[in-house]
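Everything below concerns the one structure shown next.
The values are calculated or read from the model by the stated rules, or taken from the named source; none is laboratory data. These figures come from a predicted structure and were not determined experimentally. Backbone-built Cβ (ideal geometry, glycine too); neighbour counts: all protein chains shown.
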Amino acid sequence: MSLVWQNTDAIKIFFSYAHEDQELRDELEKHLKVLKRQGHALTWHDRNISAGKEWAREIDTHLNTADIILLLVSSDFMESDYCYESEMKHALQRHERGEADVLPIILRPVYWEDAPFSKFQVLPKNGTPVTHWLDRDEAFENITKGILEVIRARSLNKATVQKNKKLSQDRGEQLLARRSGIYSLSVSGKQEEGQFSFFAGQMKGEEVRLVIRKHWFFLVRPALPMLLTLFALCIMLLLAVLSPPLRTLTYLLMGSAVFVAFLGTTICFITSSLLHWWFNTYIITNKRLIYISGFLQSILQESLVTQIQQVGINIETPWSLLLGFGTVTIYLNQATFVIKDSPVPIRVKEAIIGICEEVKERQASEVKKIITDQFD
């Protein structure tokens, strides 16, 4: 498949035609040129196959990836086994699966009313063959308008699908995050004008994309003393309920001591571990990589997204592999930004790469606008 056809969001149009109708096909392609110049569509037919390519494979590849398939109907088209039995039937199957739109275009007079494509709306209007129009340019204009309507409908559908896909991915990331830690990875919306900033030092127009804390696994070890004293306290209460003879002053004092130990280990866990875990945060925005630590949200490290060269991940231990956490290393121009013990590191990497692509697209658009303004 051609790279131009593959790496684009434009609607892809495939011509299925008999070679005897090449002249009429060329005329139609000229009229579609305006849609190509505006970036709405790309066209392909077998005359685009370059030397050395296997023609049957090239045709099948483009037929399988086209968004719109034009059947250029004539007596020669109906007579051609390859056009009728291969290309047309394959096109109709893709239409039935909702993968492509099939548009029959009547070039020359031929009986087509009982053909498999007769259930589709044909072009030009009223099914009048192109060669029967007094002005063929008017016929091709009518065909172009009909194709444009289908292009707009498909483009709208693509946009809707992409939006739903993005929403689904966001929900999936949030669900994965909640399974991996206590909101350790969250997706934040845009900062609205006049709205309270997500963190101290947030710039105007800066959108918080990811908030990352260490995986919850690193809270388990500091929480063990608290959990053990809680377990001991529960056992003592259960024994006191089930065995009344144990309800002595000594047992009560022991229970009180265990309760005090539980309160002490809980306070110690919250102040020395939980708060430290919560306030040590990595924030990824559309402009910066930020590491914040402490109750006052002091920024200890920050780097611009535009400096990112590469992003890598490292799964260091069997526990990392089992529970799904690891280290994300972001290679900058002259330094590195390390997000250690991150939950769902693959998702973090993909999100950062996505932000970099957005920045590149925005920069390219700004450069293009500057160049256009200079020429204007």
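Selection over the stretch 72-104 of residues that are part of a strand (DSSP E or B) and in contact with a helix residue (DSSP H, G or I) (Cβ under 6 Å, 6 or more places away or on another chain) gives a count of 4. Annotation: of all residues in the stretch 236-285 being of a type in the set (S, T, N, Q) and in a strand (DSSP E or B), the one that is nearest to Ile330 (Cα to Cα) is Thr285. Scanning the stretch 187-213 for residues that are among the hydrophobic types (A, V, I, L, M, F, W, C) and modelled with pLDDT under 75 yields Val187, Phe196, Phe198, Phe199, Ala200.
Whenever a residue of the stretch 229-247 is assigned by TED's automatic domain parsing to the domain that holds Phe259, its partners that are among the basic types (Lys, Arg), lying with C-beta atoms within less than 7 angstrom and at least six residues away or across chains, give the pairs Ala240/Arg247. All told, Ser293 meets the bar of being of a type outside the set (A, V, I, L, M), closer than 24 Å to Phe217 by Cβ and surrounded by fewer than 16 Cβ atoms within 10 Å (Cβ to Cβ). Note on the stretch 31-71: among residues that are part of a helix (DSSP H, G or I) and in contact (Cβ under 8 Å) with a residue 60 or more places away in the chain, the one that is surrounded by the fewest Cβ atoms within 10 Å (Cβ to Cβ) is Val34. What is the residue count in the stretch 264-300 for residues that are in contact with a strand residue (DSSP E or B) (Cβ under 7 Å, 6 or more places away or on another chain), polar (S, T, N, Q) and within 18 Å of Asp341 (Cβ to Cβ)? Residues meeting the conditions: 3.
Here is a yes/no grid of residues against (1) of a type in the set (S, T, N, Q); (2) farther than 30 Å from Val211 by Cβ:
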residue: Pro225; (1), (2): no, no
residue: Thr229; (1), (2): yes, yes
residue: Ala232; (1), (2): no, yes
residue: Val241; (1), (2): no, yes
residue: Leu246; (1), (2): no, yes
residue: Phe262; (1), (2): no, yes
residue: Ile267; (1), (2): no, no
residue: Ser273; (1), (2): yes, no
residue: Trp277; (1), (2): no, no
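The criterion of at least 1 residues that are touching a residue at least 60 places away in the same chain (Cβ under 8 Å) and within 23 Å of the chain's Cα centre (by Cα) is met, among strands (runs of 3 or more DSSP E) falling completely within the stretch 286-376, by 288-293, 325-331, 336-343.
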